[in-house]
Amino acid sequence: MYKQFRTAFLAISLVLVAGMAGLMLSEHLTAWRALFLTAETLTTVGFGDIQVHTPMGQFILLLLMLGGVAVSVYFVGRMMAFVIEGHLADVYGRRKREKKMAQLKDHVIICGTGRVGRQVINHLKAGDIVVVIIEQEEEQVKEFLAQGYFVIHGDATQDDILKKAGIERARGLITTLPEDALNVFVTLTAKGLNPKIQVVARMDKLESEAKLYRAGADRVISPAILSGRRMALAILKPMSIDYLDTVVHDHNLQIEIEEVQVEQGSSLTGLTLEESKIKQNTGTTVLAIIRGDDVLSNPTAHDEILAGDVLIVFGLREQVERLEHVAVVKTSK
């Protein structure tokens, strides 16, 4: 629609310039009077206050009446379509998105689309996680809307904006705003609206870590610390880092490190790792068992599995899915 409007604008501009120049040469009119007469003719007003005396001038007006009027009508039509249809399309699109967002559940809210925020969005998209983005910069909002994301233009520290993003139904919130104070405020607001939501907050200054945890953040991540640690390991343990990169980032391998919760009454409950035969039956490897606040790292074959335990496992996607099925299957009586 914008291209059609631009074409119509160029056409009407050329007609005005050509008509003005022709009347100036044929009728010896000033530029303003020639432009005024051309506009009178194109708009079919015809005041008759400016007379044309030469055959050439009359021929120019004839061309303007036959072709120029059609161009002017087309220009007005495109202009109205550009204003009205474009506005209606924006309103319709916004309402459609808002209706879909109102039905979202277990999505993740992303606050901020800077360098860190973009990486978060890309990784969640690769994992088929639905995200709702909150961003204040209008250009960023337009960019992500064009990519098909759910985006809200506003301040993530405001209650109404977080409610609009479905904070009550979301599984988690990640705040990657550039200032620690803003991330603290977003965390406080989010936890106030939904105390059960998982909040991961970005931290730049070490002294902000305690404040973010007091505000209710479940995880506090420092991109600078993680980057520094990774760069050091790239020197100290390059082969290990290359392997982890392959496992984590090569989606063709479909290898996952996943959390699997053991349900009450599961066939795994009360068995040791050796008795459960998880490795033999599913192919996955149990890296750790999380039991409340306790973490059993590198568990032995004699460690028991209890209801409510979260198993941190490593394996192919289909292997993890088999274990997930076993973890919820009830024991037969």
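The values are calculated or read from the model by the stated rules, or taken from the named source; none is laboratory data. Worth saying up front: this structure is predicted, and the values here are computed from it rather than measured. All Cβ positions, even for glycine, are placed from backbone atoms using ideal geometry, and neighbour counts span all protein chains on display. Heavy atoms of the whole protein, side chains included, go into the accessibility calculation; ligands, DNA and RNA do not. Shrake-Rupley method; radii C 1.70, N 1.55, O 1.52, S 1.80 Å.
In segment 100-144, of all residues being under 13 Å from Gly154 (Cα atoms) and of a type in the set (Asp, Glu), the one that is surrounded by the fewest Cβ atoms within 10 Å (Cβ to Cβ) corresponds to Glu139. Going through segment 194-248 one residue at a time, which ones are under 16 Å from Ile109 (Cβ atoms), open to solvent by less than 60 Å² (accessible area, probe 1.4 Å) and either among the hydroxyl-bearing types (Ser, Thr, Tyr) or free of Cβ contacts under 8 Å to residues at least 24 places away in the same chain (or both)? Hit for segment 194-248 is Asp218, nothing else. For segment 274-327, taking the residues that are of a type in the set (A, V, I, L, M, F, W, C), under 15 Å from Val262 (Cα atoms) and assigned to a loop (DSSP other than H, G, I, E, B), the one that is most open to solvent (accessible area, probe 1.4 Å) is identified as Leu306. Within segment 96-141, the residues that satisfy the criterion of being closer than 18 Å to Ala170 by Cα and of a type in the set (D, E, K, R) are Arg97, Glu98, Lys99, Lys100, Lys105, Asp106, Lys125, Asp128, Glu135.
In this structure, Ile152 does not satisfy being more than 11 Å from the chain's Cα centre (by Cα), modelled with pLDDT of 90 or more and open to solvent by less than 40 Å² (accessible area, probe 1.4 Å).
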